[in-house]
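One structure is given here, and the rest of the page talks about it.
The values are calculated or read from the model by the stated rules, or taken from the named source; none is laboratory data. The model shown is predicted, which means the values in this text are computed figures rather than measured ones. Glycine gets a Cβ as well: all are built from the backbone with ideal geometry, and neighbour counts include every protein chain shown. Ligands, DNA and RNA are excluded from the accessible area calculation, which covers all protein heavy atoms including side chains. Shrake-Rupley method; radii C 1.70, N 1.55, O 1.52, S 1.80 Å.
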Amino acid sequence: MGFLNINTDLLPIKAHYFLFDAGNSPINPFLSTIAKQRGYSPSVVGNIFTLLLLLNIVVKPLTGYVTDRWKCRRTVFLGAILLNGLVTPMLYLVPGATSSAGEMSDAKAFGSLQFWLFWTVVTLRMVLFMVGEVLQETICMGILGGDTVKFGMQRLWGAAGWGTMSIVTGAAIDWYSSGLAQKNHLPGYLLSAASFFIDFMVAFHLKVPETDGPTTNILADVKVVLKNVKVCVFLVWATVGGIFAAYIWFYFIWYVDDLATIYHPERKSMLSSIKGFSLTIECLGGEVPFFYLSGYLIKRTGHMTAFSISFAMFALRFLLYSIIRDPLWVLPVELLNGITFGLSYIAGISYSAKIAPVGSEGTVQGLFSMAFQGFGGSLGATLAGYTFSHLGSVMAFRLIGFVALIMCVVQIIVNYFLNRNRKLTA
């Protein structure tokens, strides 16, 4: 299947991916700077994201189990999209959203009613995002019959939506904030809500496959899956990948802010545009072509080797961040996003679909999300918050770059011995 030979039956899922990610891109990557403008320190922001990502440990597996058990994927999926569109603009209405106060102490932040209002709204919309995300992958795999090559070709439309809306959001925020001391993110909230409402109308007409398997043995099936040593090791690598990805998800925009503040103040007037364009390059230049090719690549390399390549490229990406001083120079580095995040994510989704027993597809996808975005993401957010606070953004990326390099070597060695033992016992 090529770009110009599109199966019209798959147009609704493509449109959903585009709009769902277009709805999240004006908010998710900008949350750290939105919190920073409110005066919250890197450690406070790290605690926020840690708590949010710990919810993945419960929310995604529970979503998979509930929708497998009671066959309610469509209802839950549509509800998550619609509610996200309604909740997102509430962030702008929380008092103190455009406060110009300096950085607060951690104790003062946690004792503030405004902080807890902010945390409540952010948590609610992120839970809705988690529910929508895990269900869309399960639904897409169901529509495609588990075809990993075709999955990447659908998933790339999400990257296209994220990348397109990111540059629009960045330019709109710069324009709307002209002459202001701080950026006003109102255009981002409005663009996000509009995308979710349109997505709801598209998803309403989407054919959502429910599980055909029995509903009484889901937990037993999952226990059988987890008895496989290779599956448990896979979940460890998913956790490590989540740690690395969290540095990008939550602290990359903060890092770009620091580069402009410390080294190139003349870039501040165009900073939101640089941020938006960097996210566009991540998605359109990095993820879109890589998602298109990912199925073929994983078939040739295998799922575990895909993680090795991803870890090596994470190390390169982080170490490049540690030597860059001009925010403009981060733009070409973002082309690596396809092979860092994209490869590990597609490998995880496709491997989960491969090992899932019939009737437990959503539950097993939830386990991968729990490891990648729950355990891994929360650990990554905590580590990033601590290292950004104590080492600064540049040195924090240098440290995690060396950690990624070490983990790549460890992962290759472990996979070698696993494959060797499998051959010896075959």
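Pairs are defined by a Cβ separation below 6 Å, a sequence spacing of at least 6 or placement on different chains, a first member in region 396-412 that is closer than 13 Å to PHE307 by Cα and open to solvent by 50 Å² or more (accessible area, probe 1.4 Å), and a second member that is in a helix (DSSP H, G or I) and modelled with pLDDT of 95 or more; the pairs so defined are LEU405/ALA315. The residue list PHE49, PHE18 contains one member that is out of contact with any Gly (no Cβ under 6 Å at 6 or more places or on another chain) and among the aromatic types (Phe, Trp, Tyr), which is PHE49. You will find that of LEU271, LEU226, LEU293, the residue that is within 30 Å of LEU11 (Cα to Cα) and either acidic (Asp, Glu) or at pLDDT below 90 (or both) is LEU293 and no other.
With respect to the conditions (1) open to solvent by 20 Å² or more (accessible area, probe 1.4 Å); (2) under 18 Å from the mean Cα position of the chain (by Cα); (3) among the hydroxyl-bearing types (Ser, Thr, Tyr), TYR247 lacks only one, and its number is (1).
Residues in region 269-285 that are surrounded by fewer than 24 Cβ atoms within 10 Å (Cβ to Cβ) and under 21 Å from ILE349 (Cβ atoms): LEU284 alone.
Among the residues here, ILE346 does not qualify as open to solvent by 30 Å² or more (accessible area, probe 1.4 Å), farther than 28 Å from SER43 by Cα and in a helix (DSSP H, G or I). Taken over region 365-386, the residue count meeting the criterion of being open to solvent by 10 Å² or more (accessible area, probe 1.4 Å) and either touching a His at 6+ places or on another chain (Cβ under 8 Å) or among the polar types (S, T, N, Q) (or both) is 2. Of note, TYR189 does not satisfy the criterion of being open to solvent by 40 Å² or more (accessible area, probe 1.4 Å), at pLDDT 90 or above, of a type in the set (Ser, Thr, Tyr) and within 27 Å of LEU128 (Cβ to Cβ). Against the definition (touching a helix residue (DSSP H, G or I) at 6+ places or on another chain (Cβ under 7 Å), of a type in the set (S, T, N, Q), over 13 Å from PHE341 (Cβ atoms) and open to solvent by less than 20 Å² (accessible area, probe 1.4 Å)), how does SER294 come out, yes or no? So SER294 does not fit the description; no.
So that you can scan it fast, the table gives a plain yes or no per residue for (1) closer than 25 Å to ASP147 by Cβ; (2) outside any loop (DSSP other than H, G, I, E, B):
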| position | (1), (2) |
| --- | --- |
| VAL240 | no, yes |
| TYR247 | no, yes |
| PHE252 | no, yes |
| SER269 | no, yes |
| GLY276 | no, yes |
| TYR321 | no, yes |
| ARG325 | no, no |
| VAL333 | no, yes |
| GLY338 | yes, yes |
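Has region 397-420 got any residue that is of a type in the set (Gly, Ala, Ser), closer than 18 Å to THR239 by Cα, in a helix (DSSP H, G or I) and touching a Leu at 6+ places or on another chain (Cβ under 9 Å)? Looking through region 397-420, at least one residue is of a type in the set (Gly, Ala, Ser), closer than 18 Å to THR239 by Cα, in a helix (DSSP H, G or I) and touching a Leu at 6+ places or on another chain (Cβ under 9 Å). The condition of being of a type in the set (Gly, Ala, Ser) and modelled with pLDDT of 95 or more holds for only one of ALA312, ALA356, that being ALA312. Against the conditions (1) aliphatic (A, V, I, L, M); (2) modelled with pLDDT under 95; (3) within 18 Å of PHE30 (Cβ to Cβ), ALA101 satisfies every one except (3).
Each residue in region 35-49 was checked for being surrounded by fewer than 22 Cβ atoms within 10 Å (Cβ to Cβ) and either among the aliphatic types (A, V, I, L, M) or in a helix (DSSP H, G or I) (or both), and 4 of them qualify.
For region 305-331, a tally of residues being within 17 Å of ALA238 (Cβ to Cβ) and either open to solvent by 10 Å² or more (accessible area, probe 1.4 Å) or among the hydrophobic types (A, V, I, L, M, F, W, C) (or both) returns 9.
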